[in-house]
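Undergrad: Before I ask anything, let me first share the structure, which is written out below as structure tokens.
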Amino acid sequence: MNLYEGMFLLDPALASDWDAAEAEIKRILDRAGAEIVGIQSWNERKLAYKIGKFERGLYALTYFRASAGKIAGIERDVQLGEKTLRVIILKREKMTEEDVQKALAEEPPKVSRREDRDRGERGDRGDRGDRPRDRDRDRDRDRDRDDRGDRRERGPRSDDSRREPVSAAADGENKSEDK
């Protein structure tokens, strides 16, 4: 049996009930005959993109032992389950039992600065106050172009005045003269 590391992404409704989330992961792994080494919650976080109707998800780091043939069954159960959104499973050949316990004891990574901004902790999104708003910037750019003379009026092409319109009647008269 090989050692695997799995990151489960669960329905954010389970964030308030860690026991139910842990039970869901254990159900999936028990069904595959995997031996669970440890599970750690990485809390609810904003997703990089929507998955179905979810914009947030509960992350759970797991370590387990299983045979290689059982991994496809775990991934299939995650796809078919309603409480699990995604899973990624990595084989950990060189990790010792001490490394696994150390990884489970570590604090999960902090929330990124981007997620802080999305939550509104750094003010309104995109409006930092030190930049002009887009329409102000565009208006200033247009005014600068007018002052430099970069912008010119579009009128008829210079060679349009030399062209004479061609009518069907004029073409027909020329053909009859040739005969």
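Undergrad: Please work out if LEU9 is of a type outside the set (Gly, Ala, Ser), open to solvent by less than 30 Å² (accessible area, probe 1.4 Å), touching a Pro at 6+ places or on another chain (Cβ under 9 Å) and assigned to a strand (DSSP E or B).
TA: no
Undergrad: Output the number of the condition that ALA23 fails; it satisfies all remaining conditions of (1) small (Gly, Ala, Ser); (2) in contact (Cβ under 8 Å) with a residue 12 or more places away in the chain; (3) open to solvent by less than 60 Å² (accessible area, probe 1.4 Å).
TA: Of the numbered conditions (1) small (Gly, Ala, Ser); (2) in contact (Cβ under 8 Å) with a residue 12 or more places away in the chain; (3) open to solvent by less than 60 Å² (accessible area, probe 1.4 Å), the odd one out for ALA23 is (2).
Undergrad: Pairs under 9 Å by beta carbon, first residue without any contact (Cβ under 8 Å) to a residue 24 or more places away in the chain in region 53-71, partner in a strand (DSSP E or B) and open to solvent by less than 40 Å² (accessible area, probe 1.4 Å), six or more apart or different chains?
TA: Taking only residues 6 or more apart or on different chains, the pairs are GLU55/LEU47.
Undergrad: Ok, one more. So, in region 26-37, exactly how many residues are open to solvent by 10 Å² or more (accessible area, probe 1.4 Å) and assigned to a helix (DSSP H, G or I)?
TA: The qualifying residues number 4.
The values are calculated or read from the model by the stated rules, or taken from the named source; none is laboratory data. Everything numeric in this text was worked out from a predicted model, so none of it was measured. Note: ideal-geometry Cβ built from the backbone for every residue, glycine included; neighbour counts use all protein chains shown. These accessible areas exclude ligands, DNA and RNA; they are computed on the full protein's heavy atoms, side chains included. Shrake-Rupley method; radii C 1.70, N 1.55, O 1.52, S 1.80 Å.
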